[in-house]
1. Quick one: work out Rg over Rh on the C-alpha atoms of the range 153-291, Rh as Kirkwood radius.
2. Of the accessible area of the range 153-291, with the probe set at 1.4 angstrom, what percent is carbon plus sulfur?
3. Limiting things to C-alpha atoms, what are the Rg and the maximum Cα-Cα separation (Dmax) for the range 74-232, in angstroms?
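The values are calculated or read from the model by the stated rules, or taken from the named source; none is laboratory data. Because the structure is predicted, anything quoted here is derived from the model rather than measured. Heavy atoms of the whole protein, side chains included, go into the accessibility calculation; ligands, DNA and RNA do not. Shrake-Rupley method; radii C 1.70, N 1.55, O 1.52, S 1.80 Å.
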Amino acid sequence: MVARSSEVRPSAVRHSASPGAARRRGRGAGRLAGLGLGGAALLVLLTGCDVGAAFGGFGWPQGGITPEANRMYDLWIASCIAALAVGVFVWGLIFWCVVRYRRRGDELPVQTRYNLPMEFLYTIAPILIVSVLFYYTAIVQTDVVRTTKNPDVTVEVVAFKWNWQFNYRDGQGTEANTVASVLGTSEVIPILVLPTDRSIRFEETSRDVIHSFWVPEMLFKRDVFPGKIRNVFEVSELQTEGAYVGRCAELCGSYHAFMNFELRVVSPERYDQFLAAKRAGQSTQDALTAIGEEPYATTTRPFETRRDTANFNPDSASAGAGN
Ligand SMILES: [Cu+2]
């Protein structure tokens with residue numbers, strides 16, 4: 001279809017028919033494509049740089065303690081920068097058009113329909129952008145969910161309403177044995193002690209409903225299923241010693257919000273001492289004290305059921321029995 005002739009100035013028709021103009025447009029499109037490729041190269045360069053710190057991580061949680069967490073963070077920052085670059089370019093075009101083609105009279109500006117280089121550009125450019133984003137996302141995702149044959153430490157995470165048990169295993173899978181265990185109770189927050197500089201495999205199973213194992217500083221959570229499904233993930237190392245709160249991230253019942261634990265990251269030597277003490281039959285608290293760690297959780301505290309205040313029958317002798 002040809003544009004309605006009444007809308008098109010003769011000069012516009014001449015313009016689009018001129019071979020010199022087509023060459024100029026071709027050069028312009030080439031320049032724009034070059035700009036797009038340059039942007040993609042910039043994205044590659046910026047991956048890994050900590051530009052995000054200046055912008056509060058663009059809303060992404062900062063302070064990850066695993067290489068995987070840092071890679072996800074970098075991907076997010078690079079994506080935000082790419083999105084901003086595209087955004088600024090588009091805003092620029094809009095404002096340029098608003099000023100350049102503001103109404104000057106009743107005459108219509110040049111109508112550029114069926115401009116092949118331009119249509120080619122705005123079809124190819126988004127595909128290129130999405131491909132680059134997809135490429136890096138696929139790389140990071142593959143990296144984050146990768147599991148290995150022989151991780152240094154294997155922990156079985158057992159979730160139940162409404163607490164956690166952490167079993168230190170001598171191998172992988174259901175065939176392996178538990179060599180030491182940490183069990184959370186209503187009075188004591190379970191502390192998962194793990195070493196720095198070693199790869200760690202988490203094998204998850206639930207005793208009742210679906211829970212979700214989440215340490216915010218790992219920037220990673222994975223559902224814990226009951227039954228035969230055993231969700232597994234690994235971190236190549238924990239980089240920073242310290243105490244980190246862990247949570248259940250799947251609504252699992254009345255006390256879901258209080259289903260906390262603590263991840264305590266210590267040096268490999270102290271981890272070995274802790275495990276030896278546990279294997280010798282010491283309590284988690286004694287074993288923690290033995291390696292110079294706080295025996296109880298420092299990042300969270302046991303939940304209060306408030307059964308006394310919520311008791312419908314406070315005078316009954318049996319009513320308070322379940323405190
Ligand atoms: Cu839960």
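1. Numbers: Rg = 14.0 Å, Rh = 15.0 Å.
Answer for the range 153-291: 0.93.
2. Values: 2660 of 5570 Å².
Carbon-and-sulfur percentage of accessible area, whole number: 48.
3. 26.7, 85
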